[in-house]
1. Just to confirm my numbers, what's the Cα centroid distance between the range 69-83 and the range 1-66 in Å?
2. Taking amide H positions as placed 1.01 Å from N in the peptide plane, with prolines and chain starts having none, which residues 5 or more places from ALA9, or on another chain, fall under 5 Å of its amide H?
3. Any idea what the relative contact order of the range 6-93 is, in percent, if you count C-alpha pairs under 8 Å spaced at least 6 apart?
4. Quick check: pseudo-label points 7 Å beyond the Cα along Cα→Cβ at SER158 and ASP35, how many nm apart are they?
5. Please label the shape of the range 88-134 as rounded, prolate or oblate, based on the square roots a ≥ b ≥ c of the eigenvalues of the alpha-carbon gyration tensor (a/c under 1.5 means rounded; beyond that, a/b larger than b/c means prolate, else oblate).
6. Skipping prolines and chain starts, which residues have an amide H placed within reach, meaning under 5 Å, of the one on VAL146, given they are 5 or more residues away or on another chain?
7. Extending each Cα 7 Å along its Cβ direction at GLU44 and GLU117, get the distance between those two points in nm, one decimal.
8. Over the range 38-176, what is the relative contact order in percent, taking alpha-carbon pairs closer than 8 angstrom and at least six residues apart?
Amino acid sequence: MDEITYRLAGAVDDPAVLVGLYDAAARWMVAHGVDQWKPGGKDEEHFRRRIAEGEVWLAEAAGRVVGGFELWWEDGPAWGPQPPVAGYVHRLMVDRSCAPAGTGRAMLARAERRIAESGRAWSRLDCMTSNPRLRTYYEGAGYAVVGEQPFKEGAGGSRYGVTLLEKRVGQEEPPPSAPGVRRPPAGAGQPRRKTATVRGGTVKVPEAGS
């Protein structure tokens with residue numbers, strides 16, 4: 001596989017590149033019946049804002065951009081208020097026309113290393129509850145489902161359900177999570193579901209089996 005290198009996206013030229021990545025990925029999803037993104041769903045201003053507020057990374061191979069992802073340090077819309085123990089991966093995008101095989105997993109691993117290097121113990125992400133295919137992909141990369149947020153607010157005030165997943169990437173045990181999302185105790189049996197309030201909505205979280 002061609003070597004993949006990474007660089008932080010810049011606010012001048014790269015937003016247009018990121019829009020192209022997003023739209024291409026969205027068209028592929030629509031063509032393959034994957035309910036997640038739609039072409040035109042993110043514009044250059046979205047990526048400029050993400051570059052200013054967090055980190056946006058581009059992956060390159062053989063002199064071409066082959067993918068990108070956003071890395072956030074908090075994610076209130078999906079996870080609610082949380083202690084600073086995690087990084088949140090968003091917009092994992094692959095250019096399927098030129099990306100080497102395994103680029104998606106390679107970018108996810110890079111995001112996990114960046115989170116661990118920052119001193120945080122958990123990599124977190126979410127996917128729409130109507131997208132079991134993507135959930136299976138993340139579970140195959142070592143992520144575990146820890147809850148659901150059925151009322152995440154999107155652009156324009158739209159609301160939709162997302163499945164919450166996380167993976168330990170650091171060694172230190174984090175302090176207890178803020179109300180809204182809790183991990184099941186180690187060794188617990190099959191979890192049953194309970195609900196808790198998060199930002200005015202209801203989120204389903206695992207609880208140890210009775």
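Where a number appears in this text, it was derived from the coordinates with a stated rule and is not lab data. Here the structure is a predicted model, which is why all the values come from computation and not from measurement. In this analysis, Cβ positions are derived from the backbone assuming ideal geometry, glycine residues included, and neighbour counts consider all displayed protein chains.
1. A separation of 19 Å, based on Cα centres.
2. When sequence neighbours closer than 5 places are left aside, the close amide H contacts are VAL56, TRP57, LEU58.
3. Across the range 6-93, relative contact order equals 27 percent.
4. Modelled inter-label distance: 1.2 nm.
5. Oblate, since a/c reaches 1.5 and b/c is not below a/b.
6. Those qualifying (amide H under 5 Å, at least 5 residues apart or on another chain) are LEU164, LEU165, GLU166.
7. 2.9 nm
8. The normalised contact order for the range 38-176 reaches 20 percent.
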